[in-house]
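Before anything else, here's the structure in question.
FYI, it's all coordinate maths here, none of it is from the lab. Keep in mind the model is a prediction, meaning the values are calculated, not measured. Cβ atoms come from the backbone with ideal geometry, glycine included; neighbour counts cover every protein chain shown.
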Amino acid sequence: MNTKLEIAAHPLRFHGHEGQYFRIWIVNVLLGVLTLGLYTPWARRRTVQYFYQSTEVADGTLEFTAPIKRMLVGFLLFGGLYLALNLAGNSDDRFARTLGNVFLALAVLGAPWLWASAMRFRLRHTRWRGLRLNFAPSVKSLYLASWPMLALAVLLVCFGLSAAGVRSYGPLMSGVLMLAIALLAALCLALLQYNYNRLLLLNTRIGAQAGRWKVELGPYLRIALQAIGIAVLLGALIGAVSSIIFAGYTLGVKNLRGSVLLGLVLGGAMWFLAIVPAMAWREARTFQLVWNNTGVSHLARFRCKLRTGAFMGLRIRNALLNLVTLGLYRPFARIKVYRMKCESVTLHLRGTPEGLVGELARQQDEGGFSDALADGLGLDIVGA
């Protein structure tokens, strides 16, 4: 391709509306309840199709073409595995519990493959102007990227042992140990997210063109650590103020019911004023970092102008309204967050979309066999 073609900016657009998605969401919820969850694959398909067809990228909308039979098979397999693990774990029979532990270990070892399968399925059935995406990582690169998941499993076991050893270690030492394990677990989750995002971008292709990933690990982890620091500082400040108010209230009134109610209110304030802002800050900063450092080969790059303060305010409002409406505001919140993220991104494309589509379509046809093989290995996993 001619690398001297002019680069044009194409801001992403989202044409969805809160009312439209609310109708889809409420039908999905009601049918899910009536069918005891069996409607889940249809619900997921309708939801993805709505968001895709409402997203405009370079004068073309996205499509989701997954067959419902494949989604149903993935849902049933995943549900059966979860049920088997749950029954084995709650059984009093020693053999059943041992078998359950073996299944659990196999599930942990197989989790990377399940994740890759789900991503392969989702991307394989994603279309842009007739072009499909393809995700085909090697087994070696997949499991090398997954080591934080195994470390996290070990940390969770240590966390359980630490919680069970409160009496033997003493409350202070046990609390410090559990806090350290929780911090390491948060870092493992951040590392896993970084590794998987990197693996996903570098091994996803449109035509013969691969994704480009220039995000460095240091800034990515620094954002996660800063978010933890924000949550701790806000939590400590709110905790100190709450303790003073709570102590004054209980000493002045000595009303047990009022004290409990005040404790619940202050606990809720702790969540909304510390955890939600910290998580929203990390989400916004990570989103900016990733989209400002990714692209597609030499053909395209992305730029993100998401405003951190505005996004944090939106997340806090959404959390409050979800609480007030007992969750009925969730579809409206999802649309607002998706729109803010989507419309903060601009695609810078080398050449015209029409010329690019023609070249990529030719490359796609040449890779027909490998694409068909990747399609056969893909399986939709609920929650992936």
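Between Ile7 and Leu237, how many nm apart are label points set 7 Å from Cα along the C-beta direction?
Rounded to a tenth, the inter-label distance reads 3.9 nm.
On to the next question. What is the gain in length, in nm to one decimal, between Phe103 and Leu225 on full extension, counting 0.36 nm per residue of separation less the C-alpha to C-alpha distance?
40.5 nm is the gain from fully extending Phe103 to Leu225.
So what J values fall out for region 29-42 if you push phi through Karplus, 6.51 cos²θ - 1.76 cosθ + 1.60 with θ = phi - 60°, rounded to Hz, Gly and Pro as x?
Those phi angles translate into 5, 5, 5, x, 5, 5, 9, 6, x, 5, 7, 3, x, 5 Hz.
Then there's this: Full extension from His15 to Glu216: what is 0.36 nm times the residue separation minus their Cα-Cα distance, to one decimal in nm?
69.1 nm is the gain from fully extending His15 to Glu216.
What is the spin-label model distance, in nm, from Leu320 to Leu38 if the labels are put 7 Å beyond Cα along the C-beta direction?
4.4 nm
Moving on to the next point. Can you pick out the pairs among Lys69/Lys140; Lys214/Lys305; Lys214/Lys336 whose Cα atoms lie more than 24 Å from each other?
Lys69/Lys140; Lys214/Lys336
Sticking with this one: Based on the mean of other Cβ atoms within 10 Å per residue, sort peptides 280-287, 176-183, 33-40 so the most packed one is first.
Per-residue mean Cβ counts within 10 Å order the peptides as 280-287, 176-183, 33-40.
I need the peptides 73-81, 121-129, 13-21, 50-58 ranked by packing, meaning the mean over residues of other C-beta atoms within 10 angstrom, with the highest value on top.
The most tightly packed comes first, giving 121-129, 50-58, 73-81, 13-21.
While we're here: Give me the net charge for the shell around Trp291: Cβ to Cβ below 10 angstrom, other residues only, Lys and Arg +1, Asp and Glu -1.
Taking every Cβ under 10 Å from that of Trp291, the sum is +4.
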